[in-house]
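For reference, the structure discussed in these notes is given below.
The values are calculated or read from the model by the stated rules, or taken from the named source; none is laboratory data. Quick caveat: nothing in here was measured; it's all calculated off a predicted structure. We place every Cβ from the backbone using ideal geometry, glycine too, and count neighbours over all the protein chains shown.
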Amino acid sequence: MHLMTLALPQEPTDGIAGWAADLVDTLGGPGAGLAIALENLFPPLPSEIILPLTGFAAGQGVLSLASALFWTTLGSVVGAVALYWIGVLIGRDRLFAVWAKLPLVKTSDLERTEAWFAKHGTKAVFFGRMVPIFRSLISVPAGLERMPMPQFVILTTLGSLVWNSVLVMCGYWLGSHWDVVETYVGFLSKAVLVVVVVALVVYLTVRIKGRNSTAQHRRTS
């Protein structure tokens with residue numbers, strides 16, 4: 001059975017949603033898996049479109065629900081492992097060398113981050129798979145810190161399965177209104193992005209003030 005129902009006026013025929021629909025229509029479950037693997041490597045591709053759309057396709061009988069969950073989770077793991085190896089290839093020494101050349105940062109900041117990941121890395125990888133934006137990025141520090149691959153794959157699989165299941169099932173249950181999921185998850189993504197930007201601004205402001213205070217103290221002493 002082909003994804004002919006996706007040609008209805010209320011369904012996507014172009015853009016990212018149309019591209020994802022074509023992949024699922026042509027390749028079935030593996031197409032959904034490929035789309036999610038690419039979404040992990042290129043975060044601008046939104047899982048909040050691809051996953052509910054896959055759930056909708058499952059509801060239309062294009063593929064089974066089990067196949068939708070299996071292939072999208074496999075795609076998540078494949079994309080995450082690719083990013084993990086990018087972290088491995090960058091390596092700790094190279095990262096520290098680049099970090100030391102950046103303005104307004106200290107090596108001690110990176111060392112504290114490294115210590116935090118060593119202590120909380122398992123939780124970060126598992127829960128990070130359920131947070132927009134970070135669900136892809138969290139794989140890189142896991143590679144940098146050389147988290148054991150079996151542990152990384154298990155945590156990534158479990159975290160991805162939770163996230164994928166929620167979005168796929170929403171698309172499955174909502175049917176032709178699957179795009180409602182994109183709206184709400186989009187709000188969450190924007191909220192996360194705002195928090196990150198605010199945290200970065202606060203961090204840079206504190207750093208600049210601290211540097212200016214130190215320079216002024218040296219001039220007056």
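Within the group VAL168, VAL153, VAL181, which residue is part of a helix (DSSP H, G or I), in contact with a Pro (Cβ under 9 Å, 6 or more places away or on another chain) and at pLDDT 85 or above? Walk me through it before giving the result.
On the way: VAL153 fails: in contact with a Pro (Cβ under 9 Å, 6 or more places away or on another chain); VAL181 fails: at pLDDT 85 or above.
Answer to the selection: VAL168.
Quick check on VAL198: is it modelled with pLDDT of 90 or more and hydrophobic (A, V, I, L, M, F, W, C)? Here the answer is no, as VAL198 does not meet what is asked. Screening PRO43 with (1) over 13 Å from the mean Cα position of the chain (by Cα); (2) modelled with pLDDT under 80 gives one miss only, at (1). Taking the listed residues THR107, THR122, the one that is at pLDDT 85 or above and among the polar types (S, T, N, Q) is THR122, with no other qualifying.
Would you check if there is a residue in region 71-87 being at pLDDT 85 or above, of a type in the set (S, T, N, Q) and over 17 Å from the mean Cα position of the chain (by Cα)? Before the answer, list the steps.
Our first condition is that a residue be at pLDDT 85 or above; within region 71-87, this holds for 71-87.
So of that shortlist, the ones also of a type in the set (S, T, N, Q) come out as 72-73, 76.
When the remaining residues are screened for being over 17 Å from the mean Cα position of the chain (by Cα), the result is none.
No: zero hits.
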